[in-house]
Amino acid sequence: MNFKKVHPDFGIEIKDIKINNAETKEINEILNLFEEYSLIVFKNQKITNEEQLDFAKNFGELEVTKPGTIGTNSNLVILTNMDENGKVVDHSHKQAKNDRANQQWHSDSSFKIHPAHASILNGRITPKIGGSTQFICMRNIYNKLDQSIQKQLDNLDAIHHFAHSRSKIDPTMVSQIELDKFPPVVHPMVKINPINHKKAVYFGSHTKSIKNLSDVESSNLLKYLNDFINNEEYIYSHKWDDNDLIVWDNRSMVHRGQPYEITEPRYLVRATVSDTLSTGTYLS
């Protein structure tokens, strides 16, 4: 299987393969490469929803899309700035606000008891001006941190809350159904890959605070980490072409969307695989 690295420390682009007719041997190799490199780019993948779901199932159990999102109660999330008539929505529309919320560094579904394992995102219609998706490998971040910070994080848990990340955009953005379904949950601040045992720092925009630290200590540590990761050296920025497909490991990656020309249509489809081996706890 031919591939090239997209960043010196993580991520690859695999060439000459169509995921909708990949053989079992190729799928197994993709799964191994996923564990090693955390992010895989596939070019020219013009696929149906069903083909995307079939491919995603190779990574594990699919999430059911949450309330308040296009695709609710299915296994697909629709990320778009268009309404049901194909018209681009205005700046105040909830879909536009979701776009802005997703421009914060985050790991998908970290606010759930079972957070996300793999995300499989297909760009069906992508902006020509702006709209890149950026990625940081949090394994790389862990390795770059001072050992004293590593040891501190090894013994800390963080509180993740969906309403926290959305409140930064609009305090009224989250519905009561979403509030009831997604109360705060606690996850460790360092995740260990169950296959290769590599450590990754685990936090993002859904992270409200760090458990068992004072408000000041929690705020200072999260600010330090946010400042630390915001270094161009650590970032891979993917400029989309229509029909690109990207798979990434939410256990070891954070990502964010980039602003784009608001009049341009955007339509991406994501299947999300649940990290069934990781179980958070509700905040008591």
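The values are calculated or read from the model by the stated rules, or taken from the named source; none is laboratory data. Since the model is a prediction, treat every value here as computed from it, not as a measurement. Using ideal geometry, Cβ is built from the backbone for each residue, glycine included, and neighbour counts are taken over all protein chains shown.
Is there a residue being more than 22 Å from Leu76 (Cβ to Cβ), of a type in the set (Ser, Thr, Tyr) and at pLDDT below 95 anywhere in the range 151-173?
Step one: list which residues in the range 151-173 are more than 22 Å from Leu76 (Cβ to Cβ), which gives 151-161, 163-164, 167-172.
Retained after the next criterion (residues that are of a type in the set (Ser, Thr, Tyr)): 167, 172.
Okay, now just the ones that are also at pLDDT below 95, so 167, 172.
Yes, the range 151-173 contains a residue that is more than 22 Å from Leu76 (Cβ to Cβ), of a type in the set (Ser, Thr, Tyr) and at pLDDT below 95.
So Val185 ticks every box in (1) within 22 Å of the chain's Cα centre (by Cα); (2) closer than 30 Å to Ile12 by Cα but one. Which box is left unticked?
Tallying (1) within 22 Å of the chain's Cα centre (by Cα); (2) closer than 30 Å to Ile12 by Cα, Val185 fails exactly one: (2).
Could you run through the range 128-180 and say how many residues are farther than 25 Å from Leu221 by Cα and either free of Cβ contacts under 8 Å to residues at least 12 places away in the same chain or among the hydroxyl-bearing types (Ser, Thr, Tyr) (or both)? Don't jump to the end; show me each part of the working.
Residues of the range 128-180 farther than 25 Å from Leu221 by Cα: 128-133, 172-180.
Remaining after also requiring either free of Cβ contacts under 8 Å to residues at least 12 places away in the same chain or among the hydroxyl-bearing types (Ser, Thr, Tyr) (or both): 132-133, 172, 175-176, 180.
Summing the residues that are farther than 25 Å from Leu221 by Cα and either free of Cβ contacts under 8 Å to residues at least 12 places away in the same chain or among the hydroxyl-bearing types (Ser, Thr, Tyr) (or both) in the range 128-180 gives 6.
Regarding the range 257-265, can at least one residue be identified that is buried (at least 19 other Cβ atoms within 10 Å of the Cβ), within 23 Å of Pro67 (Cα to Cα) and modelled with pLDDT of 95 or more?
Looking through the range 257-265, at least one residue is buried (at least 19 other Cβ atoms within 10 Å of the Cβ), within 23 Å of Pro67 (Cα to Cα) and modelled with pLDDT of 95 or more.
Please determine, by comparing only the residues of the range 94-144 that are more than 23 Å from Gly11 (Cβ to Cβ) and at pLDDT 95 or above, which one is farthest from the chain's Cα centre (by Cα).
Within the range 94-144, the match that is farthest from the chain's Cα centre (by Cα) is Ile125.
Considering only residues that are surrounded by 18 or more Cβ atoms within 10 Å (Cβ to Cβ) and not in a loop (DSSP other than H, G, I, E, B), which ones fall in the range 75-97?
Leu76, Val77, Ile78, Leu79, Thr80, Gln95
Of the residues that make up the range 89-98, is at least one among the acidic types (Asp, Glu), touching a residue at least 12 places away in the same chain (Cβ under 8 Å) and farther than 27 Å from Asn20 by Cβ?
Step one: list which residues in the range 89-98 are among the acidic types (Asp, Glu), which gives 90.
After this cut, where a residue has to be touching a residue at least 12 places away in the same chain (Cβ under 8 Å) as well, the list is none.
Within the range 89-98, none of the residues are among the acidic types (Asp, Glu), touching a residue at least 12 places away in the same chain (Cβ under 8 Å) and farther than 27 Å from Asn20 by Cβ.
In the range 25-63, what count of residues is obtained for those that are closer than 26 Å to His7 by Cα and part of a helix (DSSP H, G or I)?
Of the residues in that region, 18 qualify.
Being under 30 Å from Thr263 (Cα atoms), without any contact (Cβ under 8 Å) to a residue 40 or more places away in the chain and not hydroxyl-bearing (Ser, Thr, Tyr) narrows it down to one residue among Asn85, Asn49; which is it? Outline the logic, then answer.
On the way: Asn49 fails: without any contact (Cβ under 8 Å) to a residue 40 or more places away in the chain.
From the options Asn85, Asn49, the qualifying one is Asn85.
Based on what the data block shows, is Arg100 buried (at least 20 other Cβ atoms within 10 Å of the Cβ), charged (D, E, K, R) and in a helix (DSSP H, G or I)? Quick ask: steps written out before the conclusion?
Numbers: buried (at least 20 other Cβ atoms within 10 Å of the Cβ): no; charged (D, E, K, R): yes; in a helix (DSSP H, G or I): yes.
No, not satisfied.
Looking at the range 242-268 only, could you name the residues that are among the charged types (D, E, K, R) and either free of Cβ contacts under 8 Å to residues at least 60 places away in the same chain or farther than 30 Å from Val190 by Cβ (or both)?
Initially, the range 242-268 is screened for residues among the charged types (D, E, K, R), giving 242, 244, 249, 251, 256, 261, 264, 266.
Answer for the range 242-268, where residues must be among the charged types (D, E, K, R) and either free of Cβ contacts under 8 Å to residues at least 60 places away in the same chain or farther than 30 Å from Val190 by Cβ (or both): Asp242, Asp244, Glu261, Glu264, Arg266.
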